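Asker: Let me begin by handing over the structure; questions about it come next.
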Amino acid sequence: MWKRPGSAMWQLRKPVPSDVQRAYGRKVVTRSLGTSDERIATMEALAILGDLEEQWSALRSSSETKSILPMAFADAGEPPESIKRAVVRAAYEQVLSELEARDNARFLSDRATFDESYDHRRKMARELNREVRAGDLTRFIAATERLLSNRGVIVDRDSPWFHDLRQRVATAVLDALGVAIRGDEGALDPKPTTAVVIDALNRTGSNVAKDISFSELAEAFMRQWLAGRGGTKETNTEPQKRATFRLFSGFFDDRPIREVRPEDAATFFDALRLLDPTWARSPAARRLTWQQLIARYGDRGQGLSDATMNRHLQVLQELWAWSKKRGHCEGENPFNGFHKKLRAGQNVKPYLAWEDAELRQLLEPPPKRGDLLEVILVGMFTGMRLDEIASLTWGQLRIAEDGGDRVPYFQVEDAKTPAGNRKVPVHRDLKWLTSRVRGVDEDRIWPTFNKEGPSKKPGADAGREFSRFKASRGFRDRVKAFHSFRKNVTRMMERAQVPENDWAQIFGHERGFTYRVYNPDGISMTRRAEIIALIAYPGIHLPHPALR
């Protein structure tokens, strides 16, 4: 409750719980309470809050909202003790912080209003205390349910544990009122007095044995992370996160995250650093226990790169921060302090463009696999990514009519970013593809590369084939990869002085704000074809795929 500057009327401001914001359509509710009398305004506010809680409860039970609810403990029945303690702590801290902020403002602005508020609070505390002692906990139902729902718990109001938790929340609210009142009376640092609140605020706690395991917590985190991504493109991010959680869970014997200490994190990262960089390429290695993994792939002279270590570190830092907000852990993040600053040429090796001599070494003679040769040529004359090429279907090979010109092009879809979904004209040296007998639109142009991973993409299989092929030609350093063809093509564009904004539309990068907003259609297909035609490899004998 608050008053606008210059107005005598009370206003109500209520944040909408995060789990129903999308379905409710707003993040904050503001209402005029229609009175300058604080007692009447309080009664009106309580009535409005009750209505809002009923609306939000109905939204939570609707099919539309269920799909976006955090489902961390949807099927777990009674939540762990750590969640209950987090709810009690949140109830106490929210009430206390609101009261303290309001009291300080009133004391500094209007002593008479402050004294009136103090008297009202003592009266309200007496009424609440009588209700709780009489067993009437009605006014705490909605608040307890909201605090649980915000932590991913589906509530059964008739369950014994919910009644017990409601009693603890009521105790926390009364304790917060008592602390605020003692502060009003002049106590400099009033403390809570009830065992319920003291236990909830105590970081060590006495019920940590009931915390869920690390793997269960990681799975709850992944459910919310996936729900928040909506319909975005499937990437390697999900399996990478799961791999990190699986590694640490094995190292830490799947104990609760609350027990992780900085020395545990340091020991884990020291062992992880010495893993063979190629360990994850073996599907069998992914099923090994931590002890088996270390025995087979650990203690290597050349271990994981700083970039890979940073990725594992970031995932664990993210999990700790998420868990802390939900009461599963307290204190400083034990995974902090291990980040390595990446510097190009020192601990980061960026991809480099292929030089002419290297292209001759790579392509003379051409690879035996015809499908691999063809995707290499498409990469060389478009700058497209390997997975984009390997995933192409015949329906994505299209013809555009532009000012009387017929321009064949690749329609890149399902890219990581909106800018990645683009039209890339077919280079004249790729016309062998347009002359080929087409399959049905849904069929992939290169179906021989197997679909793999959660996103069922063929890029991983094609990438392994290219890695084997380049290694057979003497290229084992990761700085020369399929991605290097994008470097070659970009170098040609810069040397031909193609405007960066034009090239970005073909390359799949974000354009500048002005053109992106005021000309969303971008440059014409004819202009795109002119840019693609600039790609050339003079002096390089390029094999020509057979028509089929």
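The values are calculated or read from the model by the stated rules, or taken from the named source; none is laboratory data. Computed from a predicted model, the values in this text were never measured in an experiment. Here the Cβ is made from the backbone with ideal geometry for all residues, glycine too, and neighbour counts use every protein chain on show. The area values use the complete protein model at the heavy-atom level, side chains included, leaving out ligands, DNA and RNA. Shrake-Rupley method; radii C 1.70, N 1.55, O 1.52, S 1.80 Å.
Asker: Ignoring ligands and nucleic acids, what accessible area does Val426 show with a 1.4 Å probe (Å², nearest 10)?
Answerer: 10
Asker: Divide by every residue of the chain the summed helix terms, -39500 (n - 2.57) for each DSSP H run of at least 4, and state the resulting mean residue ellipticity at 222 nm, rounded to the nearest 500 deg cm²/dmol.
Answerer: About -15500 deg cm²/dmol.
Asker: To continue, here is another question. For the range 425-548, what is the per residue volume of the convex hull drawn over the alpha-carbon atoms, in cubic angstrom?
Answerer: Looking at the range 425-548, the number lands at 181 Å³ per residue.
Asker: Also, I was wondering about something else. Would you mind pulling out the separation of the Cα centroids of the range 243-311 and the range 425-499, in Å?
Answerer: Measuring centre to centre over Cα atoms gives 32 Å.
Asker: Quick one: net charge of Asp37's neighbours, Cβ under 13 Å, K/R +1, D/E -1?
Answerer: Taking every other residue near Asp37 into account, the sum is -1.
Asker: Separate question: Compare the Cα positions of Leu392, Pro408, Ala357 along the charge dipole of the range 329-409 (+1 at Cβ of Lys, Arg; -1 at Cβ of Asp, Glu; about the Cα centre) and return the one farthest towards the positive end.
Answerer: Ala357
Asker: Can you work out the accessible area per residue across the chain, with the rest of the protein chains kept in place, probe 1.4 Å, in square angstrom?
Answerer: Normalised by residue count, the accessible surface of the chain is 52 Å².
Asker: Using the alpha-carbon atoms, what tilt in degrees (0 to 90, nearest 10) does helix 38-61 show relative to the longest principal axis of the chain?
Answerer: 40
Asker: Here's another thing I want to ask about it. Dividing the Cα radius of gyration by the Kirkwood radius, what Rg/Rh value follows for the chain?
Answerer: 1.08
Asker: Accessible area, 1.4 Å probe, largest first: how do Met1, Met43 sort?
Answerer: Most to least solvent-accessible, the answer reads Met43, Met1.
Asker: Given a 1.4 Å probe and the protein chains all in place, what does the accessible area of Met9 round to, in Å² to the nearest 10?
Answerer: 80
Asker: Also, quick follow-up: Using the basic label-point model (7 angstrom from Cα toward the beta carbon), what is the Arg4 to Ala134 distance in nanometres?
Answerer: Placing both labels 7 Å beyond Cα along the Cβ direction yields 3.8 nm.
Asker: Something else now. With a 1.4 Å probe and all protein chains kept in place, how do Asp175, Asp299, Asp270 rank by accessible area, largest first?
Answerer: The most accessible residue leads, giving Asp299, Asp270, Asp175.
Asker: Let me know the charge dipole size of the chain about its Cα centre in debye, to the nearest 20, where only the beta-carbon of Lys, Arg (+1) and Asp, Glu (-1) is charged.
Answerer: Roughly 1540 debye, rounded to the nearest 20.
Asker: Which of the peptides 253-262, 531-540 is most tightly packed, and how do the rest follow, judged by the mean count of other Cβ atoms within 10 Å per residue?
Answerer: Ranking the peptides 253-262, 531-540 by packing returns 253-262, 531-540.
Asker: Of Gly463, Asn336, Ala41, which is farthest towards the positive pole of the chain's charge dipole, taken about the Cα centre with +1 and -1 on the beta-carbons of Lys, Arg and Asp, Glu respectively?
Answerer: Gly463
Asker: How big is the equivalent ellipsoid of the range 354-478 along its three axes, where each semi-axis is √(5λ) from the Cα gyration tensor, reported in whole Å from largest to smallest?
Answerer: 25, 18, 14
Asker: Using only alpha-carbon positions, what ratio does the radius of gyration of the range 210-319 give when scaled by 2.2 N^0.38 Å?
Answerer: Normalised Rg, Cα atoms only: 1.08.
Asker: Right, next: Give me the percent of accessible area attributable to carbon and sulfur for the chain, probe 1.4 angstrom.
Answerer: Roughly 50 percent, rounded to a whole number.
Asker: Let me ask something else about it. Once you've got the Cα coordinates, tell me which of Lys241/Lys324; Lys241/Lys457; Lys241/Lys456; Lys340/Lys457; Lys241/Lys487; Lys341/Lys487 are over 20 Å apart.
Answerer: Among Lys241/Lys324; Lys241/Lys457; Lys241/Lys456; Lys340/Lys457; Lys241/Lys487; Lys341/Lys487, the Cα-Cα distance tops 20 Å for Lys340/Lys457; Lys241/Lys487; Lys341/Lys487.
Asker: Then there is this: With the dipole of the chain worked out from charges on the C-beta (+1 for Lys and Arg, -1 for Asp and Glu) around the Cα centre, which of Thr30, Gly228, Ser117 lies farthest toward the positive end?
Answerer: Selected residue: Gly228.
Asker: Just to confirm the number: angle between the C-alpha axis of helix 459-472 and the first principal axis of the chain, 0 to 90 degrees, nearest 10?
Answerer: 50
Asker: What figure, in Å² to the nearest 10, do you get for the accessible area of Lys457 with a 1.4 Å probe and non-protein molecules left out?
Answerer: Around 40 Å² of this residue is reachable by solvent.
Asker: Right, something else. Kindly state, to the nearest 0.05, the FRET efficiency for Ser282 paired with Glu93, given R0 = 60 Å and r defined as their beta-carbon distance.
Answerer: According to the calculation, E is roughly 0.80.
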